[in-house]
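These notes are about the structure you will find just below.
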Amino acid sequence: MRWVRTLAFAAGVVAAANIASAQTGFPTRAVHLFVPYPAGGAVDILARTLGDELSKNWGQPVIVENRPGAGGLVASQALASSAPDGYTLIVVASGHATNPFLYPKIPYDTFKDFTPICLLASSPNILLVRADSPYKTLADLLAQARAKPGSLSYGMAGNGTSTHLAGELLKNLAKVDIVAIPYKGGGPAMNDLLGGQIPMSFNNGPESVGQISAGTVRALGVTTAKRAPFLPDVPTMAEAGVPGYDTGVWWGLVGPAGMPATIVAQLSSDFVAALKAPAVRDRLNTLGAAPIGSSPKEFDAVIHADYEKWGPIIKAAGMKAE
């Protein structure tokens, strides 16, 4: 009976999405979904998972375009100058809210030039070392960092990203000197970690779980206040020796400013429906991302809250994009 109810629910969700599409006549052609990071990272995986589901529901292709560069600015600027018709969208990470503090000449206004549509999912970041690393625990790593300040570096997905903030929070709370190495996304950072070019890396859950399961990397801690359900045996950073440590990452859907309210409402509804599809939820849960789904107003509030929260911290740390 449970499977019957699940199938009935899924059918209802798809039917509702199809009704909404029929009412607005949207979409009648391919929808382009920008990803501001390279293929293989968390944002890319999330966008392609949702794109596959929405292609089926809409009967139109969803074309995922990777446009990495400048912590998301390249793709965001392209999105901001796109027609506000719903056919060009972007999946942003939580760095979208903090980029104004990192780039003195940001080529758009974070609040005026975009339309928040839906908060999609969230995940802890994870501190990783290679499986053959001499650092078995976070305590081992911190001991080395304190014994030889500046001797350890960590990879992250770019200046001002959630993984960069995770490293800066570790430096601040643990009082250690570790060097940030920015990459154009979490995938390239993971590649250099596996190749031995860097001793550790902060990565999102979707970028990490496959390598953790394969035994190629070791997780020393998750960055959220509570343990991750998909890594129940991995301690939080606070449990591992850094009291008060708590941060993570979110991903959301954004369009250009000036989109029609009917299209915004439909897109939010359709993406929420896609997030409820059993195949999507199972895929994201397996990857370590918790599906959310929200209204445009709720997502707008999250962006503003992170802007207010992290702005003073970034300024105090003197963090700037390179």
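Would you pick out the residues in the range 174-194 that are buried (at least 18 other Cβ atoms within 10 Å of the Cβ), in a loop (DSSP other than H, G, I, E, B) and at pLDDT 90 or above?
Answer for the range 174-194, where residues must be buried (at least 18 other Cβ atoms within 10 Å of the Cβ), in a loop (DSSP other than H, G, I, E, B) and at pLDDT 90 or above: VAL176, ILE178, TYR183.
If the requirement is being among the β-branched types (Val, Ile, Thr), touching a Pro at 6+ places or on another chain (Cβ under 9 Å) and assigned to a loop (DSSP other than H, G, I, E, B), which of these qualifies: ILE106, ILE90? Write out each step before concluding.
Values: ILE90 fails: assigned to a loop (DSSP other than H, G, I, E, B).
None of the other options fit; the residue is ILE106.
For the condition under 20 Å from the mean Cα position of the chain (by Cα) and open to solvent by less than 10 Å² (accessible area, probe 1.4 Å), what is the one hit in THR163, THR115?
THR163
Of the numbered conditions (1) out of contact with any Pro (no Cβ under 8 Å at 6 or more places or on another chain); (2) in contact (Cβ under 8 Å) with a residue 12 or more places away in the chain; (3) within 30 Å of VAL217 (Cβ to Cβ), GLY252 fails exactly one; give the number of that condition.
Result: GLY252 passes all but (1).
As an exercise: evaluate ASP246 against (1) in a loop (DSSP other than H, G, I, E, B); (2) over 17 Å from the mean Cα position of the chain (by Cα); (3) within 20 Å of LEU141 (Cβ to Cβ) and give the number of the one condition it does not meet.
Every condition holds for ASP246 apart from (2).
Looking at the range 44-83, which of its residues are under 19 Å from the mean Cα position of the chain (by Cα) and of a type in the set (S, T, N, Q)?
Of everything in the range 44-83, those that are under 19 Å from the mean Cα position of the chain (by Cα) and of a type in the set (S, T, N, Q) turn out to be THR49, ASN66, SER76, GLN77.
Name every residue in the range 69-87 that is in contact with a strand residue (DSSP E or B) (Cβ under 9 Å, 6 or more places away or on another chain) and not in a loop (DSSP other than H, G, I, E, B), in order of residue number.
GLY71, GLY72, ALA75, SER76, ALA78, LEU79, ALA80
Output the residue which, of all residues in the range 218-233 that are among the charged types (D, E, K, R) and free of Cβ contacts under 8 Å to residues at least 24 places away in the same chain, is surrounded by the most Cβ atoms within 10 Å (Cβ to Cβ).
Here the answer is ARG227.
Those residues that are on the phi < 0 side of the Ramachandran plot, open to solvent by less than 50 Å² (accessible area, probe 1.4 Å) and at pLDDT 95 or above, I need them from the range 204-217; list them, please.
Scanning the range 204-217 gives ILE212, VAL217.
For residues that are closer than 13 Å to PHE202 by Cα and basic (Lys, Arg), tally how many sit in the range 148-170.
0
Restricting the range 18-74 to residues that are of a type in the set (S, T, N, Q) and at pLDDT below 90, which is surrounded by the most Cβ atoms within 10 Å (Cβ to Cβ)?
SER21
Write out, first by first residue and then by second, each pair whose Cβ atoms fall under 7 Å of each other, whose residues are 6+ apart or on separate chains, and whose first residue, in the range 25-40, is on the phi > 0 side of the Ramachandran plot while the second is not charged (D, E, K, R).
Here the result reads GLY40/GLY187, each pair linking the range 25-40 to a residue that is not charged (D, E, K, R).
Tally the residues that are touching a strand residue (DSSP E or B) at 6+ places or on another chain (Cβ under 7 Å), in contact (Cβ under 8 Å) with a residue 40 or more places away in the chain, under 25 Å from TYR87 (Cα atoms) and open to solvent by 20 Å² or more (accessible area, probe 1.4 Å), restricting the search to the range 260-290.
The number of residues fulfilling the criteria is 1.
Condition test on TYR154, is it among the aromatic types (Phe, Trp, Tyr), in contact (Cβ under 8 Å) with a residue 40 or more places away in the chain and open to solvent by less than 10 Å² (accessible area, probe 1.4 Å)?
Taking the combined requirement at face value, the residue satisfies it.
The values are calculated or read from the model by the stated rules, or taken from the named source; none is laboratory data. Just so it is clear, the structure is predicted and the values come from calculations on it, not from any experiment. Note: ideal-geometry Cβ built from the backbone for every residue, glycine included; neighbour counts use all protein chains shown. Accessible surface is based on the protein model in full, side chains and every heavy atom, while ligands, DNA and RNA are left aside. Shrake-Rupley method; radii C 1.70, N 1.55, O 1.52, S 1.80 Å.
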